[in-house]
1. Where the only charges are on Cβ atoms (+1 Lys, Arg; -1 Asp, Glu), what is the dipole of the chain about its Cα centre, to the nearest 20 debye?
2. Using a ≥ b ≥ c from the Cα gyration tensor of segment 31-121 (square roots of the eigenvalues), is it rounded, prolate or oblate, where a/c under 1.5 gives rounded and otherwise the larger of a/b and b/c decides, a/b for prolate?
3. Taking the highest mean first, how do the peptides 80-91, 17-28, 212-223, 301-312 order by number of other beta carbon atoms within 10 angstrom per residue?
4. Top mean-square fluctuation among K335, K77, K210, Gaussian network model of the chain, C-alpha springs under 10 Å?
5. Which value in deg cm²/dmol, rounded to the nearest 500, describes the helix-derived mean residue ellipticity at 222 nm for the chain, given -39,500 (n - 2.57) per DSSP H run of n ≥ 4 and division by the residue count?
6. Roughly how big is segment 287-423's charge dipole about its Cα centre, with Cβ charges of +1 (Lys, Arg) and -1 (Asp, Glu), in debye to the nearest 20?
7. Give me the distance between the Cα centres of segment 41-67 and segment 355-423, rounded to whole Å.
8. Determine the alpha carbon to alpha carbon distance for each of K20/K107; K21/K363; K21/K51; K20/K163 and list only those over 24 Å.
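Derivation of every value follows stated rules applied to the coordinates shown; laboratory data play no part. If you're wondering where the values come from, they're calculated on a predicted model, not measured in any experiment. With ideal geometry, Cβ positions are generated from the backbone for all residues, glycine too; neighbour counts draw on all protein chains shown.
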Amino acid sequence: MAEAIAEAKRCLNCKVPQCKKGCPVGNDIPDWIHQLSMGNLGNAMSIINAKSNLPAVCGRVCAHERQCEGNCVLGKKGAHINIGRLEQFVADFDTQMHLTRQPIVQKDRGRVAVIGSGPAGLTVAGELARGGFDVEIFEMEPQAGGVLTFGIPEYRLPKTIVKSEIEKIRQLGVRITTGVTIGPDMNIDALFEQGFDAIFMGTGAGKPKKLPIEGVQYDGVRQAIYFLRRVGLYNEGLINRNEVPIVEGDVVYVVGCGNTAMDASRTALRFGASKVTIVYHRSIENMTALRAEYDDAVAEGVEFMWNTSLTTIKPDEEGTYDITLVRDGEQQIVKGHKVILAVGSGPASRIVSTTHGIEVDPKGYVLTREYPFGMTTRKGVFAGGDVSGNQATVVHAMSNAREVAAGIAAYVDALNLMKSIGD
Ligand code: SF4
């Protein structure tokens with residue numbers, strides 16, 4: 001507490017706060033830091049809550065160095081305010097002490113189904129429930145949270161934190177049904193038949209991109225998203241250790257150099273890999289991972305091969321693989337037990353292929369419109385977050401989802417008005 005207050009006191013409470021400009025959800029940073037500096041944690045939390053549904057998550061996993069902290073004026077001459085750490089502190093303190101309790105609003109504005117319980121789905125659900133809508137979330141995994149539960153590793157985002165943030169959304173009156181895949185189990189038409197006025201697709205972009213590498217079909221080659229999901233399931237006690245595709249002593253090559261590659265590499269080391277090497281076809285300046293994530297990966301022992309391509313994977317007689325790496329036209333063959341691919345992902349087509357009228361762009365991202373904001377080409381069906389092609393970060397999904405929630409509210413209100421005129 002003393003440390004947090006001392007840090008908060010360093011804030012200049014700038015008239016034109018650059019930190020706020022750098023925040024995708026426009027968090028009123030100096031206002032809540034000012035409250036924190038006076039020891040008013042409840043007030044600080046209420047200010048944060050007005051802009052963010054998942055502050056304990058954002059405080060931990062946002063790209064602070066490129067957003068709020070990267071814009072803090074104090075950073076130009078010395079040390080920026082540790083905004084992420086402070087947000088995390090306020091949110092955790094609030095959870096532990098139950099400082100702020102949000103009133104449950106009467107749910108009489110309409111019914112909304114939310115597909116997916118990742119950052120976008122939770123944001124839409126929270127916003128609409130606070131606004132008087134009856135909201136039900138449908139999640140295909142056995143537990144809620146999407147990428148927060150089954151993508152981002154425990155060491156970056158403890159699952160107890162995710163669970164308490166989800167619990168706060170539940171306490172707003174939101175129902176969450178897990179283990180239901182909208183598409184194969186029940187399509188959009190069936191949801192409308194259940195009486196929902198609008199449907200939000202927040203299904204993310206969890207379909208891994210493919211690479212033209214010879215040998216990707218072998219058992220030892222796995223997508224990073226698949227590996228991290230397996231680890232998430234194992235950590236939740238839902239699968240056995242032998243279903244996680246890394247064993248003690250594995251030599252692992254990871255292709256790609258974004259944050260998912262860092263997550264997969266560090267997780268592989270924590271699951272017993274003896275050596276993990278990231279292979280990236282460009283230079284360090286071009287990597288998409290945050291510098292902080294890269295530094296942590298280096299500190300943990302991950303090795304890097306820059307300007308190098310992985311071209312073929314061939315099984316050998318000892319049960320490992322001969323992996324061909326090419327740098328500046330020169331080939332070298334190395335031995336490895338596993339290859340993990342982390343070269344990006346796009347949206348799955350489960351929903352659009354099982355119903356009519358929802359158009360997508362050539363890459364499969366769902367097309368949405370400006371008014372009502374976020375509505376797809378099918379009336380009453382909205383989309384937001386990664387599935388509609390936004391920047392694939394937690395906070396950008398949340399920022400977009402807040403706007404879509406406003407679009408859904410406007411649409412359902414208009415629908416009800418038309419109905420009442422019709423009556
Ligand atoms: Fe405080 Fe930095 Fe924001 Fe200024 S830019 S209000 S010093 S956090």
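1. Roughly 880 debye for the chain.
2. It is oblate, given that a/c is not under 1.5 and a/b is not larger than b/c.
3. Taking the mean over residues of other Cβ atoms within 10 Å, the ranking is 80-91, 17-28, 301-312, 212-223.
4. Among K335, K77, K210, the largest GNM mean-square fluctuation belongs to K77.
5. After summing the helix terms and dividing by the residues of the chain, the value is -11000 deg cm²/dmol.
6. My answer is approximately 740 debye.
7. 24
8. Cα-Cα > 24 Å for K20/K107; K21/K363; K20/K163; rest within.
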